[in-house]
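Undergrad: I am attaching a structure below and will ask some questions about it afterwards.
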Amino acid sequence: MKSTRRSHALRKLLDLCDDLHRIRARLAEATLARETRARLVRQVRSKTDRLARDLASYRFKGPLGRLMREHRLSLVHFQVLATLLQRHLRAEDEASMEGRELLAAVFASSFEVLSGMELLHENGVLRSSGLVVVDDGDEKALDLLETCYRLGDEALTAFREEVLGVVVDD
């Protein structure tokens with residue numbers, strides 16, 4: 001595959017999201033030493049700040065940029081989409097994620113997860129736009145944390161086309 005500047009920059013953004021996911025998973029371990037926990041928390045802050053800077057400076061000229069502008073997506077929206085993209089690309093059986101697992105991948109603390117539940121609400125930008133959809137078998141789930149979510153087709157196509165270097169006319 002031909003590498004473009006945009007695909008390289010997107011790779012860096014997605015790699016940062018992957019790093020954050022791994023660090024947050026490690027933070028969830030109950031047996032971590034205090035020093036290790038403090039070091040990991042600093043890494044989360046540093047990588048989140050870097051992701052915010054890189055995302056702000058990324059020149060979204062393709063379909064992903066159109067989605068970001070059109071829906072006024074923020075850093076946490078991008079992290080949710082990146083987490084679902086990772087699951088879609090790496091899962092053998094199940095491309096969807098339960099709400100609690102998805103939010104735990106994006107947020108480090110219980111308070112942040114609780115505050116972030118609005119991201120998964122049906123009236124929130126991610127679901128109302130179709131970028132994140134409820135898994136077909138979970139349409140009736142009432143609890144946002146127990147509902148299973150997956151990346152919508154439009155978001156998946158936007159990521160693919162962004163990597164390919166497709167340019168969208170405004």
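The values are calculated or read from the model by the stated rules, or taken from the named source; none is laboratory data. None of the values given here were measured: they were computed from a predicted structure. Cβ coordinates were reconstructed from backbone atoms using ideal geometry, including for glycine residues, and neighbour counts include every protein chain displayed. The area values use the complete protein model at the heavy-atom level, side chains included, leaving out ligands, DNA and RNA. Shrake-Rupley method; radii C 1.70, N 1.55, O 1.52, S 1.80 Å.
Undergrad: Since ARG150 meets every condition but one in (1) open to solvent by 40 Å² or more (accessible area, probe 1.4 Å); (2) modelled with pLDDT under 90, which condition does it not meet?
TA: Exception for ARG150: condition (2).
Undergrad: In the set HIS88, HIS71, which member is in contact (Cβ under 8 Å) with a residue 60 or more places away in the chain, surrounded by fewer than 18 Cβ atoms within 10 Å (Cβ to Cβ), under 13 Å from LEU151 (Cα atoms) and of a type outside the set (A, V, I, L, M, F, W, C)?
TA: After ruling out the rest, the residue left standing is HIS88.
Undergrad: Restricting attention to segment 91-103, which residues are farther than 26 Å from ARG42 by Cα and surrounded by fewer than 21 Cβ atoms within 10 Å (Cβ to Cβ)?
TA: ALA91, GLU92, ASP93, GLU94, ALA95, GLU98, listed by residue number.
Undergrad: Right, another one. Among the listed residues LEU84, LEU55, LEU73, which satisfies the condition of being within 13 Å of the chain's Cα centre (by Cα), in a helix (DSSP H, G or I), under 19 Å from GLU154 (Cα atoms) and not charged (D, E, K, R)?
TA: Going through LEU84, LEU55, LEU73 in turn, the sole match is LEU84.
Residue by residue, here is whether (1) under 21 Å from LEU102 (Cα atoms); (2) acidic (Asp, Glu); (3) not in a loop (DSSP other than H, G, I, E, B) holds:
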| site | (1), (2), (3) |
| --- | --- |
| ARG24 | yes, no, yes |
| GLU29 | yes, yes, no |
| GLU35 | no, yes, yes |
| ARG42 | no, no, yes |
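Undergrad: Which one of these is of a type in the set (Val, Ile, Thr) and open to solvent by 20 Å² or more (accessible area, probe 1.4 Å): VAL113, VAL106?
TA: None of the other options fit; the residue is VAL113.
Undergrad: I'd like to know if segment 4-20 contains one or more residues that are of a type in the set (Gly, Ala, Ser) and not in a helix (DSSP H, G or I).
TA: no
Undergrad: While we're looking at this one, here's another question. Applying the selection to segment 100-112, what residues are assigned to a helix (DSSP H, G or I) and touching a residue at least 24 places away in the same chain (Cβ under 8 Å)?
TA: Result: ARG100, LEU102, LEU103, ALA104, ALA105, VAL106.
Undergrad: Exactly one condition in (1) modelled with pLDDT of 90 or more; (2) polar (S, T, N, Q); (3) open to solvent by 70 Å² or more (accessible area, probe 1.4 Å) is false for GLN79; which is it?
TA: So GLN79 meets the others, but not (3).
Undergrad: Condition (residue is within 21 Å of LEU51 (Cα to Cα), surrounded by fewer than 19 Cβ atoms within 10 Å (Cβ to Cβ) and free of Cβ contacts under 8 Å to residues at least 12 places away in the same chain) applied to segment 124-146: is it met by at least one residue?
TA: Within segment 124-146, none of the residues are within 21 Å of LEU51 (Cα to Cα), surrounded by fewer than 19 Cβ atoms within 10 Å (Cβ to Cβ) and free of Cβ contacts under 8 Å to residues at least 12 places away in the same chain.
Undergrad: If MET97 passes every condition in (1) within 27 Å of LEU144 (Cα to Cα); (2) without any contact (Cβ under 8 Å) to a residue 12 or more places away in the chain but one, which one does it miss?
TA: The one condition MET97 does not meet is (2).
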